[in-house]
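Chemist: Please find one structure pasted underneath; my questions will follow.
The values are calculated or read from the model by the stated rules, or taken from the named source; none is laboratory data. As the structure is a prediction and not an experimental result, all values here were calculated from the model. Here the Cβ positions follow ideal geometry from the backbone for every residue, glycine too, while neighbour counts run over all protein chains shown. In case anyone asks, the SASA skips ligands and DNA or RNA and just uses the protein heavy atoms, side chains included. Shrake-Rupley method; radii C 1.70, N 1.55, O 1.52, S 1.80 Å.
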Amino acid sequence: MTDQYQAFAKSPIGKFVIKNLGLPSPTFLERFDSVTPVVKGSVLFGAASASSLAPSIAQVLANIHANCYTENNVELQQISAQAGLSVNLVNEHTAKYKVVIFDASGIENSEQLKALYHFFNPIARQIQSSGRVIVVGITPETAKTVKQAIAQRALVGFVKSVAKEFKKGIAANLIYVDQDAEKNLESTLRFAISPRSAYVSGQVIHVSQAKVIEIDWAKPLAGKTAVVTGASRGIGEAIAHILARDGAHVICLDVPQQQADLDRVANEIGGSTLAIDITADDAGEQIKLAAQKQGGLDIIVQNAGITRDKTLAKMKPELWDLVININLSAIERVNDYLLTHAGLNENGRIICVSSISGVAGNLGQTNYATSKAGIIGLVQYTAPTLTQGITINAVAPGFIETQMTAAIPFAIREAGRRMNSMSQGGLPVDVAETIALFATAASSGLNGNVVRVCGQSLLGA
C-alpha cells in the first residue's frame, strides 16, 4: 500500500506546505540490503568511565570492520586496539555519523548520568538520516547497589526521549545486558546498528547469559527448519521470505482455503507447505511430523491471527471465542505439544506475534487486544521454564502497511501512520527482520523479550 502523503512530503510543493503548516515530514527509511555493509557510514563510539561492556562492543565493531571514531579517551582507545578495532579521533572534519553507540554500564549513580549529556549534546545534530543511536547498560535488576539500579533504569527515559527528538528516521534503542552476558551481545548489537531495525525505535532489549553459538553471519539460519503460521500473505509472507533469505527451509502454514497462496509463497522461496487449521487438536503433532521430514523443527513463528472488531456492547459471543481461540489458545496448545513431545530441536526458537493493541488496548478490539496481551503473558511466563537452549520471544507490530490496514477508514489510517516518531507506517519486512533476530542461534541470550515494531508509536509509549 502506497503512502501518498509521504511521497507528497518530498515534492517541492509538499515541502513548502508541510513546513508552513507544521505537519509531519516522514523520512524514507533505509532498509537492509544484503549487498551493503552492516553500517554504511561512520560509527561514533563512546563510554562512561569504567564501563565494563566496551570490550564486547569494540569486538562487534571490529567484526563488521566499522569505520569507527572515538573521543580523546585513552582507556577506550586501548580497549579498541585490544579488540582489533582501528579507531579515528573525532575532529572538526568529522561531520556526520551513521551510528552512535554509548556504553553506559559504568554509570553507578544519578550524578554520573551527566555523562550522557556530555557525550550526546555536542553531536545531536551530527547523526545522519536513518541513523542509529544505541545505549548499552546493565540490567537494573542485576545492579550491585540501589544507586546503580536507579541510574541504569534512568537510561530508559533518556533513550525514549532521544528517539522522539532526533527525527530524520533516526532510531534509538537501549540494550540491557545481564551480568556475565556480554558475550551474548553481538546478534542484538548487529541488529540495532543495521538497517534491519528501521522501524524499531524507543525499545529496550534484554540480553541474558547463555551458551554462545557461532554462526555464519551471511546466512545466519543456514541448515535450520522454520514453520511460519499464517504465511500465505501479508506479514506472514514477509517472514517466510526473510527467514528463507537467511538460509532456513521454511514450511509455510495456513488454512486449506489459502492453498494457492501458500503454494505461491513456498515456490518463491524454495520452501514447502502445510495446509492445516491451527486450531485443530492435532495441529502441534502435524507441525512436528512435517518438520521431521526436514531434520526437525528449529524455529516456529506463531504469526497466524485474525481480527473481528466490534465494541464490547455489540460483540457477539462467537466473535470473542473465535479471536481468542485462533490468536491465543491455539498457540498455547501448539507450544505445549511441541515442548512436551520433543517437537523442537535443541536451541529451538519460538517467536510469537503480539500487537501494540496488546500493549495499549484499542477501541473496538477488546477481543483482539485481550488475545495479544495474552501472547505477551505467554512469552514472559514461558521463558523461565525452557531448557535445552530453547528461547521464546515476541514482536508487537504497530501500524504496518498491509491489506488489513488498507481497509481501515482513511482518517483512522492516517492517524495510525503519523502517530509515531517516524511519522509513517511500517512495512511487513520490518516485522520479519525483527523476527529473524530472535530466530538465529546466535540470539541465545534473548529470552522473554517483547519488542515493539512500531516506529515508537505514541500509543502505549
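Chemist: For the condition free of Cβ contacts under 8 Å to residues at least 24 places away in the same chain, part of a helix (DSSP H, G or I) and within 18 Å of the chain's Cα centre (by Cα), what is the one hit in Ala373, Ala432?
Modeler: Working: Ala432 fails: free of Cβ contacts under 8 Å to residues at least 24 places away in the same chain.
From the options Ala373, Ala432, the qualifying one is Ala373.
Chemist: Gln258 is checked against (1) within 19 Å of Thr402 (Cα to Cα); (2) in contact with a helix residue (DSSP H, G or I) (Cβ under 7 Å, 6 or more places away or on another chain) and fails just one. What number does that condition carry?
Modeler: Here Gln258 meets the rest and fails (2).
Chemist: Within the set of pairs 6+ apart or on separate chains, which have a first residue in the range 399-425 that is closer than 18 Å to Glu165 by Cα and of a type outside the set (Ser, Thr, Tyr), a second that is surrounded by fewer than 18 Cβ atoms within 10 Å (Cβ to Cβ) and modelled with pLDDT of 75 or more, and C-beta atoms under 6 Å apart?
Modeler: Listed pairs, sorted by first residue: Met419/Leu458.
Chemist: Which residues, taken from the range 311-334, are among the small types (Gly, Ala, Ser) and surrounded by 18 or more Cβ atoms within 10 Å (Cβ to Cβ)?
Modeler: Listed by number, the list holds a single entry, Ala330.
Chemist: For the range 419-432, what are the residues that are at pLDDT 95 or above and open to solvent by 10 Å² or more (accessible area, probe 1.4 Å)?
Modeler: The answer is Leu427, Pro428, Val429.
Chemist: Among the residues of the range 81-105, write down those that are of a type in the set (D, E, K, R) and surrounded by 19 or more Cβ atoms within 10 Å (Cβ to Cβ). Explain how you work it out, then say what you get.
Modeler: Narrowing the range 81-105 to residues of a type in the set (D, E, K, R): 92, 96, 98, 103.
Selection gives Lys98, Asp103.
Chemist: Let me ask something additional. Of the residues that sit in the range 25-52 and are in contact with a Gly (Cβ under 8 Å, 6 or more places away or on another chain) and more than 30 Å from Arg417 (Cβ to Cβ), which one is surrounded by the most Cβ atoms within 10 Å (Cβ to Cβ)?
Modeler: Ala47
Chemist: Arg413 versus (1) over 11 Å from the mean Cα position of the chain (by Cα); (2) surrounded by 24 or more Cβ atoms within 10 Å (Cβ to Cβ); (3) outside any loop (DSSP other than H, G, I, E, B): which is the lone unmet condition?
Modeler: (2)
Chemist: Would you kindly identify the helices (runs of 4 or more DSSP H) lying entirely within the range 29-120 that contain at least 3 residues that are touching a residue at least 24 places away in the same chain (Cβ under 8 Å) and closer than 18 Å to Thr188 by Cα? Let's see the steps before the verdict.
Modeler: Values: elements: 54-63, 74-82, 114-120.
It comes to 54-63.
Chemist: I'd like the full set of residues that are surrounded by fewer than 19 Cβ atoms within 10 Å (Cβ to Cβ), part of a helix (DSSP H, G or I) and at pLDDT 95 or above, limited to the range 335-365.
Modeler: If the condition is that a residue be surrounded by fewer than 19 Cβ atoms within 10 Å (Cβ to Cβ), part of a helix (DSSP H, G or I) and at pLDDT 95 or above, then Asp336, Tyr337, Thr340 are the ones that fit.
Chemist: Here is a follow-up. For the range 128-177, name all the residues that are open to solvent by less than 50 Å² (accessible area, probe 1.4 Å), part of a helix (DSSP H, G or I) and touching a Ser or Thr at 6+ places or on another chain (Cβ under 8 Å).
Modeler: Ala151, Gln152, Ala154, Ala163
Chemist: Quick one: is Asp216 among the charged types (D, E, K, R) and either crowded, with 17+ Cβ neighbours inside 10 Å or in contact with a strand residue (DSSP E or B) (Cβ under 6 Å, 6 or more places away or on another chain) (or both)?
Modeler: no
Chemist: Given the condition open to solvent by 40 Å² or more (accessible area, probe 1.4 Å) and among the charged types (D, E, K, R), answer yes or no: does some residue in the range 220-228 qualify?
Modeler: First, pick out the residues of the range 220-228 that are open to solvent by 40 Å² or more (accessible area, probe 1.4 Å): 222-224.
Those still in the list that are among the charged types (D, E, K, R) too: 224.
Yes, there is a match, as at least one residue in the range 220-228 is open to solvent by 40 Å² or more (accessible area, probe 1.4 Å) and among the charged types (D, E, K, R).
Chemist: Hey, another quick one. Residue by residue through the range 62-80, note down the ones that are out of contact with any helix residue (DSSP H, G or I) (no Cβ under 8 Å at 6 or more places or on another chain) and either surrounded by 23 or more Cβ atoms within 10 Å (Cβ to Cβ) or hydroxyl-bearing (Ser, Thr, Tyr) (or both).
Modeler: Correct list: Ala66, Tyr69.
Chemist: Condition first: assigned to a loop (DSSP other than H, G, I, E, B) and either modelled with pLDDT of 60 or more or of a type in the set (Val, Ile, Thr) (or both). Now tell me which residues in the range 2-28 satisfy that.
Modeler: The answer is Thr2, Asp3, Lys10, Ser11, Pro24, Ser25, Pro26, Thr27, Phe28.
Chemist: In this structure, is Asn447 surrounded by 17 or more Cβ atoms within 10 Å (Cβ to Cβ), at pLDDT below 95 and assigned to a loop (DSSP other than H, G, I, E, B)? Can you show your working first?
Modeler: Values: surrounded by 17 or more Cβ atoms within 10 Å (Cβ to Cβ): yes; at pLDDT below 95: no; assigned to a loop (DSSP other than H, G, I, E, B): yes.
In short, no.
Chemist: Can you run down the residue pairs with Cβ atoms below 6 Å, 6 or more apart or on separate chains, where the first is in the range 150-168 and closer than 21 Å to Ala198 by Cα and at pLDDT 95 or above and the partner is open to solvent by less than 40 Å² (accessible area, probe 1.4 Å) and in a helix (DSSP H, G or I)?
Modeler: Matching pairs, first to second residue: Phe158/Leu116.
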